[in-house]
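For reference, the structure discussed in these notes is given below.
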Amino acid sequence: MKKEIEKAYNAKKYEDSLYKKWEESGAFSPKIDKSKKPFTIMMPPPNATGQLHLGHAMMLAIEDIMIRYHRMKGDPSLWLPGTDHAAIATQNKVEQELAKKGITRHDLGREKFLKEVRAYVKNSQGTIRRQIRKMGSSCDWTRERYTLDDGLSKVVEDVFVKMYKDGLIYRGDRIVNWCPRCHSTLSDDEVDYKSENAKMYWIKYGPFVLATTRPETKLGDTAVAVHPKDKRYKEMIGKKYQIPGVLGDFEVIVVGDKAVDPEFGSGAVKVTPAHSFTDFEIAQRHNVPVKKIIDEDGKMMENCGKYEGMTTAECRKEILKDMEKMGLLEKVEDYEHKLSVCYRCGSSIEPLTSKQWFVDVNKKAKRLNNKTLKEKSLEVVKDGSIKIIPSRFNKTYFHWMENLRDWCVSRQIWWGHRIPVWYCKKCGEVHVSGDKPIKCSGCSHKEFKQDPDTLDTWFSSGLWTFSTLDWPNGEDYKYFHPTSVLETGYDILFFWVARMILMTTYATGEVPFKNVYLHGLIRDKNGEKMSKSKPETCIDPLDMIDKYGTDSVRLSLVIGGTPGNDMRVYEEKISGYRNFINKIWNSSRFVLMNLDEEDLQIEFNPKMIKSLADKWIVSRLNEIIKESTKDIEKHRFSDAGMKIYDFFWSEFCNWYLEISKGDLQNKAILKYTLETLLKLLHPFTPFVTEVIWGELKKEKMLISESWPKPDPKLAFAKEEKSMQRILNIVSAIRRARADYNVPPGKQISAAIYSKYHKDLEAQREPIMRLARLEELEIKEKGKKLPKSKAVMLPHIEIYIPLEEMVDVEKETLRLKKEIESLKEYIEKIDSKLNNKGFLNNAKQELIDQEKIKKEDANNNLQKLEKELKEL
RNA sequence: GGGCGAUUAGCUCAGUUGGUUAGAGCGUCUGGUUUACACCCAGAAGGCCAAUGGUUCGAAUCCAUUAUCGCCCACCA
């Protein structure tokens, strides 16, 4: 009984249940097999806060392609999913929710607030899990992890303690980026810059006149810096001056520092060490005192006299008024500068000094073979232990790493890993350990207060590749680490990738991953960043899945993209791939209609290859297997997908299936080709291929099938060429018909004269059917048919009698045009072949090729000229 | 200020180590109910590969300069 499936593929009908079937089959969970090399990907944790967006969807599609491919190849393939607590981001989100009810986190208190956050995270985790499944991601849910799981938290504490003991973590009173809104420090990378139109104030400053954009910081000035070689100020270096200020005179010391640009402004800079990174560094170099005047709320401190309690903005207004009164303000200019803002909430950053925990990136450690964290992290990329794709990001990475400053890891927010540090309540002694100490080593007191701060979220995500695998003793860790590929967007190269390298090489002595594949960012139709504020161009992957099916969405996110380059995504693109999915469905439908129950049992073997068309399709397929495999291995997913797509649609559907409608139908090859194509397509479009696989009555699911291997026995180069000639003949006749508007229903006749006449004779049936001929003469040589249109292919003459339809004038024109372009072509080849340089330098193979081209072209030229004469 | 990327058909993009008469999809045009598919089939039109110069027998591809657009980094107060 022949099988008939629905007329169009209905993704919704199959996807969810199929996913469940895969998951329940255990196919997602790899078994440790020490005789095999594993393939591992750690899924970058999507923020526990958000909805799945196209960026995630692309990441999932690319990673799933790799995992499904390796799984089919037989590698124990682990794709570990998980979520991140996303400290600041999550806390902000919950605070926003609370704010709607008029509550702050302080109203609730730490414990109650954390309870709220946990509830929120639990909910969003559920959402993101469902959405990851929607994308068809074949990740191992049995190994799912969350950064705040007990095991992972333990690793975080252990690594912190270890680093402290190795002297790589210290507590220091240093300048940090402070977000007054989040009420927390931020690392250098968590600061964004925004252009802003500001004012430059020139102020009289004792013996100096100098420019500043922040006059209110004058209250914290302790020095004036000049370039050491600046003649104007050279004599003043080292001297102290009394500067008149709005709160009375204050003292500054003049220091010479190369950081000052003598060309800019007046060449003299006021130094506010507590509230500017540059100034802090200058102050450190010259032992200048640090005077903090702005507090953690962004308000002026008690040492600011009448300005105490004002915000910096308020203070600036007032102080300018006062300066003006005192005649200290010389002039005001417009000035554009970069304002630093918090990457999470957009508030402007207040640099200030604060007692915080830092990771020392410039200290040599035994554990790192006496290298620093920075040196080690540079080394593993330089020596190729880690390969970044595309490689141009090496430079970016090196530059960032070389200029990395000590990393402030303490945060004053509540959501996250508590810093494993305990202070003795009596003597204040610092104890660094995961568990609360039993008694103080300094004074034997037994009561302690834990450091109220939490760790930077990137501290824990830096450990992601191994904290998820039960490091250091777990079987999974020993087998699956280092991971094979880290796939993520280039926008988090610094935040995450670099820190994983830094943390993992230190903690485990291994690299976290061997390859880093950086994908580009998704843009909208106009090339702009996609954002919910532009709903016309913003695309929600879930809507698209609902409308076009997951397979279509996956393809549209993979094909056309190259690593590191941004990609535009819009609905028409997705619907285009939906058409392809439907094409897969319908061609399979056709094959199934031609196979009966028994045919489904046929197992392919090369003896079943019969016709020229069979050899051609099998050989071409063999080639596609070879090429797409190579492309996937080299991370060229788009190329692989595109090649399979092209082959499927044009060679398989448009030619082979059409040929199969005639005498040459070969069910075995039809089945073999389709099955192999389903395997090749499966990593890209897992759902539709698996559904069809089921229709083919397979025992094993496609997800667990093995990846096709190219077979040299299935390569038929000669037959490929000879089949190509048939296809060219059919196309030529079709073109002739179209030229003369021959109604498709009308059957015409043709004569073909060629030295290949024997081969052609064997293909008489498909040629006649595909070109819609009622009569066909095939001979080695023959006379031109009267009143016919002539088409010349290499060593093939085709005459199509079109009688009254032949328009002599039109035909003359066409022939002339063709002769002209042929002549140009020959000239071009001639210039190559007459060029001594070419003959001396080019490969012989290439020269021979050119000669053949010329011969063929000449041949055609002669025939066309003859044809023109006889017209 | 430094670094990186993009610039190829009307649109979106391929083009892997230099050698194809420069490709695809969408869109456009002309036809079309043929053993699956109109989410389809057959055919066509459409390109000085941003500009200039160089290397080479040979350049969309390598080098230099320029232009436009975009991104990243940076302590010019």
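A few remarks follow.
- In segment A:1-48, the residue that is modelled with the highest pLDDT out of those that are among the acidic types (Asp, Glu) and within 16 Å of RNA strand B (Cβ to nearest atom) is A:15.
- Filtered by the rule that a residue be polar (S, T, N, Q) and in a strand (DSSP E or B), segment A:182-212 gives A:184, A:185, A:195, A:197, A:212.
- A search for C-beta distances below 6 Å between a residue of segment A:632-645 that is free of Cβ contacts under 8 Å to residues at least 40 places away in the same chain and any residue that is surrounded by fewer than 18 Cβ atoms within 10 Å (Cβ to Cβ), counting only pairs 6+ apart in sequence or on different chains, returns A:643/A:627.
- The listed residue being free of Cβ contacts under 8 Å to residues at least 24 places away in the same chain and closer than 30 Å to residue A:80 by Cα, out of A:136, A:102, A:109, A:126: A:126
- Some residue of segment A:265-276 being of a type outside the set (Ser, Thr, Tyr), within 14 Å of RNA strand B (Cβ to nearest atom), assigned to a loop (DSSP other than H, G, I, E, B) and under 13 Å from residue A:205 (Cβ atoms): yes
- Residue A:856 vs. criteria at pLDDT 90 or above, acidic (Asp, Glu) and either under 22 Å from residue A:755 (Cβ atoms) or assigned to a helix (DSSP H, G or I) (or both): no
- The listed residue being on the phi > 0 side of the Ramachandran plot and assigned to a loop (DSSP other than H, G, I, E, B), out of A:305, A:309: A:309
- Residue check for residue A:768: under 22 Å from residue A:657 (Cα atoms), hydrophobic (A, V, I, L, M, F, W, C) and without any contact (Cβ under 8 Å) to a residue 40 or more places away in the chain: yes
- For segment A:554-577, the candidate set comprises residues that are in contact with a Leu (Cβ under 9 Å, 6 or more places away or on another chain) and within 16 Å of residue A:136 (Cβ to Cβ); within that set, the residue that is farthest from RNA strand B (Cβ to nearest atom) is A:554.
- Members of segment A:819-831 found to be without any contact (Cβ under 8 Å) to a residue 24 or more places away in the chain and closer than 27 Å to residue A:791 by Cβ, listed by number: A:820, A:821, A:824, A:827, A:828
- Any chance residue A:755 is under 30 Å from residue A:612 (Cβ atoms), more than 10 Å from RNA strand B (Cβ to nearest atom) and more than 48 Å from the chain's Cα centre (by Cα): yes
Yes/no matrix, rows are residues, columns are (1) closer than 21 Å to residue A:629 by Cβ; (2) buried (at least 23 other Cβ atoms within 10 Å of the Cβ):
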residue: A:662; (1), (2): no, no
residue: A:685; (1), (2): yes, yes
residue: A:692; (1), (2): no, yes
residue: A:699; (1), (2): no, no
residue: A:710; (1), (2): yes, no
residue: A:716; (1), (2): yes, no
residue: A:721; (1), (2): no, no
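- None of A:599, A:639 is surrounded by 15 or more Cβ atoms within 10 Å (Cβ to Cβ) and within 10 Å of RNA strand B (Cβ to nearest atom) except A:639.
- In segment A:489-537, residue farthest from RNA strand B (Cβ to nearest atom) [restricted to those that are under 22 Å from residue A:558 (Cβ atoms) and among the aliphatic types (A, V, I, L, M)]: A:516
- Subset of segment A:758-781 [part of a helix (DSSP H, G or I), under 53 Å from the mean Cα position of the chain (by Cα) and not aliphatic (A, V, I, L, M)]: A:759, A:761, A:764, A:765, A:766, A:769
- If only residues of segment A:583-596 that are near RNA strand B (Cβ under 8 Å from one of its atoms) and of a type in the set (D, E, K, R) are counted, the one that is surrounded by the fewest Cβ atoms within 10 Å (Cβ to Cβ) is A:583.
- For segment A:715-745, a tally of residues being outside any helix (DSSP H, G or I), within 11 Å of RNA strand B (Cβ to nearest atom) and not β-branched (Val, Ile, Thr) returns 5.
- If the condition is being free of Cβ contacts under 8 Å to residues at least 40 places away in the same chain, closer than 30 Å to residue A:115 by Cβ and either within 16 Å of RNA strand B (Cβ to nearest atom) or of a type outside the set (Phe, Trp, Tyr) (or both), then segment A:371-423 contributes only A:418.
The values are calculated or read from the model by the stated rules, or taken from the named source; none is laboratory data. Everything numeric here is computed off the predicted structure, so don't read it as measured data. Glycine gets a Cβ as well: all are built from the backbone with ideal geometry, and neighbour counts include every protein chain shown.
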